[in-house]
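Written out below as structure tokens is the structure these notes cover.
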Amino acid sequence: MSDGAPKSRPRICVAGAGAVGGLIAARLAAAGETVSVLARGAHLQAIRAEGLLLEEGDARTVAKIAASDDAAALGTQDILFVALKAHALRESAATLAPLVGSDTVIVPAMNGVPWWFFHGYGGKLAGTRLDAVDPKGDIARALPPRQVLGAVVHLSSTMPAPGVIRRGKGNLLLVGDLSGEESPRLQKILRLLKKGGIDARATREIQREVWLKLWGNMNMNPISALTGSTADVMLDDPLTLALVREMMDEAATVGAALGIDMGMSADARIAVTRELGAFKTSMLQDFEAGRTPEIDAILAAPCEIGHRLGIPMPWSKTVLGLVRQRAMNSGLYAYTVSGSGEAKS
């Protein structure tokens, strides 16, 4: 499928051109790459009418890029960045299939435990499909793990208005082949991202990097959603701090069973969070904005992994039950509980 672009340039699409996806799309477009975005609603209309505006400090750049809400209209891509929320991906995975050919490189930039996590990894859990993440296997069918390069996002941005992306702190994207190899496709993606001004670095332990980020997110996020507190308030209160530590200990135990060495103490990781000051977690922001929170990928998935490994996670499961009920009572989440006590969203 040709659109007249130079043949040397890959066809690149970003599915989910929100805060993070929009930043990636705008930076790659500014670097001269052929980029399209899959978006919807007012955001899509704004991009079509005015382009995608990127604000970086006092600098403002506009990327004129192809945008559609129909994957089939964009066609098969060489590279597909997936920056959807986990629950949105689960609901729309099948619609992304027209973007993916047999040689498409898929780079998810998402929070929580991804659908590809146990592809060729995890010991006795290798190949496991997590009910909390991909209950029917729809994501894996549309986005085959063998074509995935894992990514862990350590940058921030916001979308203050439709068609507008405002860059925040951080500029790091860790990228790794699920095999742990420094493959040619990995080097290609790293060069592309660096060309776009993103600090992209290779890792041979992408699953470990996912778990390290989750180690801080799976406790602070739901506790903040339950309390309405910013991070500094939660960490300054001895009782909520103790709860954070208990949940971190549980996650570290599960990580160890997967062969993951956290590489630091819980207190050292907490100290890193303290340096960020009085911020609102993404889950708290979702609750306040009336958006569906990423409960399943961030907390339900690690609890499911613990259950499959036979590792008790009483603190994490208690918080999971509470935050699910709060989300359900707010009209933002739906789930049922089976006879075994396991919840299905």
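Only one of the listed residues (A252, A271, A266) is farther than 18 Å from P302 by Cα, without any contact (Cβ under 8 Å) to a residue 60 or more places away in the chain and not assigned by TED's automatic domain parsing to the domain that holds N111. That residue is A271. Within segment 267-284, being hydrophobic (A, V, I, L, M, F, W, C), closer than 15 Å to A252 by Cβ and surrounded by 15 or more Cβ atoms within 10 Å (Cβ to Cβ) holds for one residue alone: I270. When T95, T76, T104 are checked against the criterion of being hydroxyl-bearing (S, T, Y), closer than 17 Å to A39 by Cβ and either in the same structural domain as A46 (by TED's automatic domain parsing) or in contact (Cβ under 8 Å) with a residue 24 or more places away in the chain (or both), a single residue qualifies: T95. Looking only at segment 260-282, residues that are under 22 Å from the mean Cα position of the chain (by Cα) and over 24 Å from K169 (Cβ atoms) come to 2 in all.
Residue selection: R208 fails the criterion of being without any contact (Cβ under 8 Å) to a residue 24 or more places away in the chain and either among the aliphatic types (A, V, I, L, M) or not in a loop (DSSP other than H, G, I, E, B) (or both). Among the candidates E342, E250, the residue that is modelled with pLDDT under 95 and within 30 Å of K124 (Cα to Cα) is uniquely E342. Give segment 285-336 a look and list any residue that's within 20 Å of the chain's Cα centre (by Cα), more than 23 Å from D249 (Cα to Cα) and aliphatic (A, V, I, L, M), or say none. Scanning segment 285-336 gives A289, A327, L332. Within segment 87-101, at least one residue is part of a strand (DSSP E or B), in contact with an Asp or Glu (Cβ under 9 Å, 6 or more places away or on another chain), surrounded by fewer than 24 Cβ atoms within 10 Å (Cβ to Cβ) and at pLDDT 95 or above. Of the residues making up segment 280-298, none is among the basic types (K, R), in contact (Cβ under 8 Å) with a residue 12 or more places away in the chain, more than 24 Å from G228 (Cβ to Cβ) and out of contact with any helix residue (DSSP H, G or I) (no Cβ under 7 Å at 6 or more places or on another chain).
Considered as a group, the residues in segment 113-172 that are hydroxyl-bearing (S, T, Y) and in a strand (DSSP E or B) include one that is surrounded by the fewest Cβ atoms within 10 Å (Cβ to Cβ), and that residue is T158.
The values are calculated or read from the model by the stated rules, or taken from the named source; none is laboratory data. This one's a predicted model, so the numbers in the text were calculated from it and none came from an experiment. FYI the Cβ positions are ideal-geometry reconstructions off the backbone, even for glycines, and counts take in every protein chain you see.
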